[in-house]
Amino acid sequence: MSLRATSDQWWKNGLIYCLDVETFLDWNGDGMGDLSGLSERIDYLAGLGVTTMWLMPFYPTPDRDDGYDVTDFYRVDDRLGTLGEFVEVVRTAHDRGIRVIIDLVVNHTSDKHPWFQSARADRESPFRDWYVWSDEPVDDPALTETFPGEQGGVWTYDESAGQYYLHRFYPHQPDLNIANPAVREEIARILGFWMALGVSGFRVDAVPFLLELEGITGAPAIDPHRYLKELRAFVQRRRGDAILLGEVNLPPKQQREFFGDEDGDELHLVFNFSLMQRIYLALARRDARIVEDALAALPAVPFDSQWANFLRNHDELTLDQLSDSERQEVFDAFGPDPEMQVYGRGLRRRLPSMFGGDQRRLRMAYSLMFSLPGVPVLFYGEEIGMGENLAEKARAAVRTPMQWSDEPGSGFSTADPSRFPARLPDGEYGPLAVNAAAQRRDPDSLLNWFERLIRRRKELPTIGFGEWRVIPTEPRAVFAHRCDWDGSTVVAVHNFSPEPSRVHVPLQGDEDVVGLDDLLGRERVQLDRPEFELTLEGYGYRWLLVRRRGQRLPP
Ligand code: TEU
């Protein structure tokens, strides 16, 4: 093959690392992480094997929703740095082979955005129609609250406007009116601006909300997916290899619609919320069949598209797609106290504490996530096993500063901790116990384990690009699957039980198999027939590269 897809579809392989500039590293000592700090740590990310950084919102903001309330889409918040420093980050990242994608939050603006200020002040304002107004709240069952108990409905009366405005999120986040061509054009301009500064794409916030037309009185008959296709085409015209990674928390069939038609002309990547939620149920029940069923329910995705897999993100670990009793099982297993839960649907913990500190279970869960079809996405701190701070409000529990070292301020900042964006946890998961510096020096640490896992994942396009198939096995606690691509095969086996399991793995149709190479361990096994047996320790896992007669394989 001369034109290898692997060099073009960069978003299918590698590792996306999500971070928030304000909690990563404070370089000027004011207690707030900044772009200069991020520049200083790009080598750390390169060492870990990160191929794409996803920067959470860094735009000017009143910061009432962690920056997802934007007052200017064309600037950097003064607290974090300057546009010049942003370009330095992008340049340094590129030099280390890392691409940068950024959060695009255009379902809504902050109510402090000059557009909204102008819109509310005057019915004749050119920006009036940039938002969604109504004389009376529109009673539409499709318009539900996103943060129940925190936002007081989706319509709020604005005194100076003399009308209600729509907000699918907090009242201080008025929804933009996507039916207005001027708004659509402005959104494209924003994308164009950041692409000109070197970004390789966008994590598009709240895509289904962005596209919906409910509540917009007299909304013209535009097809929202038509709009997404136009946006994709625009992105591609400006920069051929740029991507759109969408937040679409919907069941698989509906998620499929956001990849576009059969050739894939909308989002390149969609976060796999449904698979993520089923994985937690499977972990809680120690029943791998649930993962098999969840995979079977996934629609095939177009050639240029892929899933983005994750176990944790910056929001609540949402379990909204599970039934009430299933969700309760996950709560019971991983977050039984009400203070660990939020919005009646999610957990505000990170994995290590959910697993009671069990390193075996933790590594098994990440090994599974990295072996599934899709590109893996890590949230900063996962690579060292950071915990949460439940003393912080709601979702902020998992947004504590990065734990670089055991120095005061965890090496994040030299300022007084009262000035930090969130309080560090203490105890078992605090910086004295969990930090990057100590783990760098320990070959058995989670950090070094991740580094090896990531290197393997990147070396083997078989997983990121290949076709996957479940391999039927017993017992129920064991999940086995294989990925095939361009003549190479990887078999992965994961044990969801704390007890050892003996498994039989058939390799049907692979008559010329001569052996297996353990990709994460030391074993090399000779085979004289297309099947094998192995014993997995409790929460054990293996990635096995199938060796065939006469095949040239990576070392
Ligand atoms: O979240 C939007 C969103 O739809 C999710 O919060 C979803 O509701 C959740 O997964 C439960 O199903 C995005 C950001 O990720 C979040 O941090 C912001 O608060 C929100 O948009 C508003 O901008």
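Before moving on, here are some points about what is shown:
- For the range 255-267, the Karplus equation 6.51 cos²θ - 1.76 cosθ + 1.60, evaluated at θ = phi - 60°, returns couplings of 4, 4, 4, 7, 7, x, 6, 5, 8, x, 10, 10, 7 Hz by residue, with Gly and Pro reported as x.
- Computed from Cα atoms, the angle from the helix 83-95 axis to the main principal axis of the chain rounds to 20 degrees.
- With all protein chains in place and ligands, DNA and RNA left out, the 1.4 Å accessible area ranks K112, K253, K229 as K253, K112, K229, largest first.
- Among the protein heavy atoms of the chain, carbon and sulfur supply 48% of the accessible surface, probe 1.4 Å, non-protein parts ignored.
- Relative contact order computed over the chain (Cα-Cα under 8 Å; 6+ residues apart), in percent: 12
- Extension reserve of the D293-Q328 stretch, reckoned as 0.36 nm per residue once the Cα distance is removed: 10.6 nm
- Solvent-accessible heavy-atom area per residue, rounded to whole Å², over the range 92-183 at 1.4 Å: 40
- Accessible area per residue for the range 289-328, computed on protein heavy atoms with a 1.4 Å probe, is 34 Å².
- Remark: the range 221-232, residue by residue, has Karplus-estimated 3J(HN,Hα) of 6, 9, 8, x, 5, 4, 5, 4, 5, 5, 5, 4 Hz, where x stands for each Gly or Pro and the curve is 6.51 cos²θ - 1.76 cosθ + 1.60 at θ = phi - 60°.
- Equivalent ellipsoid semi-axes, the chain, via Cα gyration tensor eigenvalues times 5, rooted, Å: 39, 27, 24
- Once the 1.4 Å probe is applied to the protein heavy atoms, the range 354-500 comes out at 37 Å² accessible per residue.
- Exposure of W194 as accessible area (Å², to 10), given a probe of 1.4 Å and all protein chains: 0
- R0 of 45 Å, Cβ-Cβ distance F147-D95: FRET efficiency to nearest 0.05: 0.65
- Within the assembled protein chains, the solvent-accessible surface assigned to V89 is about 0 Å², based on a 1.4 Å probe.
- For the chain, a simple Cβ point-charge model (Lys and Arg +1, Asp and Glu -1, everything else neutral) yields a dipole of about 1980 debye relative to the Cα centre.
- Probe 1.4 Å - accessible area at W155, Å² to nearest ten: 30
- Dipole magnitude for the range 1-106: computed about the Cα centre from +1 point charges on Lys and Arg Cβ and -1 point charges on Asp and Glu Cβ, it is near 740 debye.
- Residue order for R327, R203, R286 - accessible surface, 1.4 angstrom probe, largest first: R286, R327, R203
- For T51, T144, the ranking by accessible surface with the largest value first comes to T144, T51, using a 1.4 Å probe.
The values are calculated or read from the model by the stated rules, or taken from the named source; none is laboratory data. Being a predicted model, the structure only gives us computed values, none of them experimental. Every residue, glycine as well, gets a Cβ built from its backbone with ideal geometry; the counts of neighbours run over all protein chains shown. Heads up: the accessible areas ignore ligands, DNA and RNA and are worked out on the full protein's heavy atoms, side chains in. Shrake-Rupley method; radii C 1.70, N 1.55, O 1.52, S 1.80 Å.
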